Amino acid sequence: MDDDIVQSHMKVWKRCLDGYSKVQEYAEYSKEVNQKYLVITDHGTMAAVPQLLSESEKHNLTPVIGCEMYVNELQPESKTKLDTAKFRANLSPEEDARFGKNNHLLALAYNDVGYSNLVYLTSWAWKHGFYKKPRINHKVLYERREGIIFTSTCANSEIANAFFAGGDEAGFAMVEKYMAMFGENFYLELMMLDFKLQKPYDAFLLRAHAKYNIPLILSQDCHYCKKEHSRYQRLMLMQQTKRTIKELEALAASGESDLFELQDQNLWMKSEEELNLKWESDYSQIIDYELYKQAKANTVKICEKAANVKIDRNIKLPKLENEDLVLWEEIQKGKIKRRLPNTDEYEKRIKEEYELIKEKGFSSYFLIQKMMIDEARNKSPEILGFGDGSEAVGPGRGSFVGSLVAYCLRLHDVEPVKHGLLFSRFLSPARGGKQMKTRFTIDPIGEENGK
Ligand SMILES: [Zn+2]
């Protein structure tokens, strides 16, 4: 167990520019540093999950699915920016200052319910809790806590912020709140960073451990794979903060910066030896050896537990009754309506496309698209007050217009044979189909919102 430490709290380069390395690089480097588990907890998004699963499979690693969410107790469920603004107007100055904080919260799914709850929570945050960042509140967190492990997280968590603002008493009060919300799924997360707030925060967490006996874990905040990547992380920081490297270095030298990455260049994926060295050189005064060992062992335990998430990755499409037959009939009707030439070329093309669509199990998909597009066309004149319905969906675009079957069904209005467009660009025996992207508009001339 001692040789098996896990790096959690890992950031991957997504659009948030928060971590430099890619999932594939983490997976490859995991082998070099003897990692069995690959844990990815991007900030506010689970967009890296598909890559995490496929790369873990490729490299024989156990994936652990998580997210470092943003949480704010005061965040209301808002539908629009205006809702949030109205809510803020009624806050006291003290509350308003608290409302401004995007506190971090690390969450790891440990079963299928936990996974869908995590998906729910991150979606909720983008849809109903967006204030500078996608945020959740305690109410939704409590409702959707099942199957998820939560930790005290980094020095920018609610617990840490309570502790730094109000000392042990305020910190313990927030710990108690988390204990009441998450019960035995709540862990105290130690980290060994250079960031100046980490040591006092770890020391506080150890006092909380002594007081409440909440289990400890140890994580390593990874923003990139290798030590030398720290430089690239800085380049990303330049982009993010719109500062030059000189300005960033001056900030780092002044010691005043609150930019986390400037205070910490210790964010690479470490081997067991490197972690032990870090503990010996920097943290042995803070974390007692026995507790250090315990925290490492617990980290492996929660990852073993999290390995129970089994995601069914098969494509799920609704199935209509007699889908193949109905599709064939619709094509025949469409052929007449479209007045297609009665030649071998057209017959052969339709037959080939139809057989492949059938074989790939896409008949229902085509028919459902037809229902949606027909409905949009029918409703459009009524909604717009003009036109023949074509305004709602346009003539169609992308590789999809290479399908003669789709033309017969009036999913698009481009005749592919006449224009020399290939069906194989859209769907071929060797690869899965590309998506039909359907967009409906209720404002085809762009009067509203510049759309
Ligand atoms: Zn954090």
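Taking 0.36 nm per residue of separation and subtracting the Cα-Cα distance, full extension of the segment from T241 to M181 would add 18.0 nm. Normalised by the number of residues in the chain, the average gap of Cα pairs under 8 Å and 6 or more apart makes the relative contact order 14 percent.
Taking the C-alpha atoms only, the angle from helix 198-212 to the longest principal axis of the chain is near 80 degrees. For the charge dipole of segment 2-306, defined by +1 on Lys and Arg C-beta atoms and -1 on Asp and Glu C-beta atoms about the Cα centroid, which residue among V113, Y131, P63 has the Cα displaced farthest towards the positive pole? Result: Y131. Using only Cα atoms and rounding to the nearest 10 degrees, what angle (0 to 90) does helix 363-384 make with the longest principal axis of the chain? With rounding to tens, the tilt is 80 degrees.
With only Cα atoms counted, the chain has Rg and Dmax values of 27.2, 86 Å. Working from label points 7 Å from Cα in the Cα-to-Cβ sense, the E143 to R313 distance is 3.2 nm.
3J(HN,Hα) along segment 270-278: 9, 7, 4, 4, 5, 5, 4, 4, 4 Hz, from the Karplus curve 6.51 cos²θ - 1.76 cosθ + 1.60 with θ = phi - 60°, whole Hz, x for Gly and Pro. Considering only alpha-carbon pairs that sit under 8 angstrom and 6 or more positions apart, the relative contact order computed for segment 323-449 is 26 percent.
Would you mind getting me the FRET efficiency between T62 and T343? Use the beta-carbon distance for r and R0 = 51 Å, nearest 0.05. Step by step, r from the Cβ atoms, then E = 0.35. Relative to the dominant Cα principal axis of the chain, helix 245-254 is inclined by about 30°. Placing R0 at 51 angstrom, the Cβ-Cβ distance between K379 and K351 gives a FRET efficiency of 0.95 after rounding to 0.05. Per-residue ellipticity at 222 nm, computed for the chain from helices alone with -39500 (n - 2.57) per DSSP H run of at least four residues, works out to -14500 deg cm²/dmol.
FRET efficiency for S424 and K293, Cβ-Cβ distance as r, R0 = 51 Å, nearest 0.05? Given R0 = 51 Å and the Cβ-Cβ separation, E is 0.30. Counting only aspartates and glutamates at least 8 places from K348 when in the same chain, those with an alpha carbon closer than 16 Å to its own are E415.
Taking amide H positions as modeled 1.01 Å from N, with prolines and chain starts lacking one, the residues under 5 Å from T45 and 5 or more places away or on another chain are E68. Over 30 Å between Cα atoms, which of K81/K301; K177/K301; K177/K278; K31/K127 qualify? As for pairs spanning more than 30 Å Cα to Cα, those are K81/K301; K177/K278; K31/K127.
Say a site is exposed when it is one of the GluC sites (Glu not before Pro), sits in a DSSP loop, and has at most 10 other Cβ atoms within 10 Å; what is then the longest site-free stretch of the chain?
So the longest stretch without any such site is 1-255.
For segment 32-106, applying the loop criterion from DSSP together with a ceiling of 14 other beta carbons within 10 Å to the trypsin sites (Lys or Arg not before Pro) yields K79. Partner aspartates and glutamates whose Cα lies under 13 Å from the Cα of K358, excluding those fewer than 8 positions away in the same chain, are identified as E323, D324. In this rough spin-label picture, where each label sits 7 Å from Cα along the Cβ direction, the D168-D413 distance is 7.5 nm.
Rounded to the nearest 20, the Cβ-based charge dipole of segment 323-449 about its Cα centre (Lys and Arg +1, Asp and Glu -1) stands at 400 debye. Along segment 412-420 the Karplus relation, 6.51 cos²θ - 1.76 cosθ + 1.60 evaluated at θ = phi - 60°, assigns HN-Hα couplings of 8, 10, 10, 7, x, 5, 4, 9, x Hz to successive residues, with x for each Gly and Pro. Relative contact order of segment 61-189: 28 percent, from C-alpha pairs under 8 Å at least 6 residues apart in sequence. How big is the antiparallel share of DSSP beta bridges in the chain, given as a percent to the nearest 5? Taking every DSSP beta bridge within the chain, about 45 percent pair in antiparallel fashion.
Rule-based calculations on the coordinates, nothing more; no lab input. If you're wondering where the values come from, they're calculated on a predicted model, not measured in any experiment. Glycine gets a Cβ as well: all are built from the backbone with ideal geometry, and neighbour counts include every protein chain shown.
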